[in-house]
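The values are calculated or read from the model by the stated rules, or taken from the named source; none is laboratory data. Predicted model only: the values in this text are computed from it and were never measured. Cβ sites come from the backbone with ideal geometry, for glycine too, and all protein chains shown count toward neighbours. Quick note on the areas: whole protein, heavy atoms, side chains included, nothing else; ligands and nucleic acids left out. Shrake-Rupley method; radii C 1.70, N 1.55, O 1.52, S 1.80 Å.
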Amino acid sequence: MNEEIRRKAQQQEEEQVDLLALLDDVFSSLGRHFALVLFCMSLCASLIYFAEKRDFVPEYRVSETFIVTPNYAVNYNSSAYDTSALKQITKSFPYVISNGAMQSMIAKDLGTDSVPGTISVSSLEESTNAFTISVTAQGAQLAYSILQSVTRNYPQIAKDIIGDTTLTLMSDSGVPTAPINGQNAKRAAMYGALAVLAAFIALFAVSSLFKKTVRKEGDFAAILNVKCFGSVPKASLKRSKGKTKDRRIRVDNPRICYEFRESIRTLRTRMERLHNEKGAQVFLLSSAIAGEGKSTLAANLAISLASRGQKVILLDMDIRNASALKVLGMEGGGAGLSELLSGRAVLSDLLLKDPESGLLVLPPGNGAVSARNLLADPGLEKVFAMCRHLAEYVIVDTPPSSILADASELVRFADRGIFVVRQDYAPMARITEGIDILYDSGLEIAGCVLNYTQGGPVTRYSYNGYGSSHYGRYGRGGKYGRYGRYGNNGKRRAEGNGNEDA
């Protein structure tokens, strides 16, 4: 592949942020980690709720409005009212209330060391002698007692500051019946839960921005500079009305969804075109890492070809992790390729026939021979020659190419390669490495298949909404756990590690 073209394409892709794809990733991540997100939100909300309940201190406010008049004034509306005295009262009244002597007398009345509340004074209108005294305290009766002490002691304190004055009560709020601050535990808990949700969204968004993988068919050409051979949706099984519940992910299973069957037919048609136009007979299927559904796809392509009356052989060359018979739901003995190469059996006796499609399957064998020795056996070329002679199509299921060297060892026997990429799964670097290994080994890659596609909550760039019964057992952490250290984070090639026996 042209590395310069790929490098420029990757740079352009990195410079662009697909907002819709980002939203899809965030919502999908929320769905996958719903239980964890819900647990963290509930835990945070509960902790905040009980903390607010524990630390909540109710506050009560009481107020009274007075007219302040000097004792020598006739009344507060009299024309003889002394204007200078009014100004003096307006200026000094707040000071009288907050005076240290007033605070001491209030504390003495209450029997405390200090005033257990807050006293504030406000004028009803500028340049008038009408004032409102408000008291805030942690008890309704306490607040009212403080206010009563203020009005009782005011004349004595004011006498030394502004002279004899009289307080004329205009309104009294009385003893408050409810706190002014209210209980905010539920609101605080809700804000805490939303904060946790926002933190998860931010985390998933950042993770998505730094995650480089294949999300849609166009990524193959734009980023990897390879053709897209097709896409296969996440498969689901229709509900079964009878007692028999066939859960096999097979294209000929009547319970399998229409979209899955149609996508396999499309890939089959393209393989037939390569067979008719280019003479391609042996198709090698591989993937970058484990868990991308490669074996399931290989088996279904073989079934689809066989269902049209073609003679098809499925070679399970994933020797360390043979799974073709399991995918097909077939019973089989231990004999297979290893027995054929050792001369203990003939090919016709080892080929297992699928009774439903007529597909022929050659399993790896009993595993007595190491994968390295089996692949290096000179008789392997003769095996492929016999398969070519017996069948019109030979489908070869190989291990992930970026994990084990097996796939590159088998390239010499294949006419075309099909590289399977699970949507939004493998890192782009591993996909590139897997393709390059096959390409550098001389394999002509027909294209990449975007597998296990499903539309996101925001965009619908592929098949979607087919239920929850799917390839679960072939996913991350599933059957490929048996690769051991050759798993998702394994080395590029397995040779030289010394322990390859399956």
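Label separation (residue 345 vs residue 183): 7.5 nm, computed from points 7 Å beyond Cα along the C-beta direction. Using all pairs of distinct alpha-carbon atoms, the Kirkwood hydrodynamic radius of the stretch 244-396 works out to 16.0 angstrom. Short-range pairs are left out: with C-alpha atoms under 8 Å and at least six residues apart, the relative contact order of the stretch 351-418 is 19 percent.
Take 141-152, 25-36 and order them by the average number of nearby Cβ atoms within 10 Å per residue, most first; the result is 141-152, 25-36. With the convex hull drawn around the C-alpha atoms of the stretch 212-334, the volume per residue stands at 145 Å³.
Residues within the reach of a label modelled at residue 138 (point 7 angstrom out along Cα to beta-carbon, backbone nitrogen below 19 Å), restricted to the stretch 159-185, are 176-185.
Looking at the stretch 228-360, the accessible area is 40 square angstrom per residue; that uses a 1.4 Å probe and ignores ligands, DNA and RNA.
Take the Cα of residue 356, step 7 Å toward its Cβ, do the same at residue 440, and the gap between the two points is 4.1 nm.
Here the label points at residue 130 and residue 19, each 7 Å from Cα along the C-beta direction, are separated by 5.6 nm in the simple model. Extent along the principal axes, Cα only, for the stretch 302-385: 35, 25, 18 Å, with the longest axis given first.
Atom-type composition of the exposed protein surface of the stretch 239-318 places 43 percent of the accessible area on carbon and sulfur (1.4 angstrom probe).
From most to least packed by mean Cβ count within 10 Å, the peptides 272-285, 49-62, 170-183, 319-332 give 319-332, 272-285, 49-62, 170-183.
For the stretch 232-288, the relative contact order works out to 30 percent when only alpha carbon pairs closer than 8 Å and six or more residues apart are counted.
Judged by the mean number of other Cβ atoms found within 10 Å, the most tightly packed of the peptides 335-343, 357-365, 108-116 leads the ranking 357-365, 335-343, 108-116.
Normalised by the number of residues in the stretch 157-267, the average gap of Cα pairs under 8 Å and 6 or more apart makes the relative contact order 15 percent.
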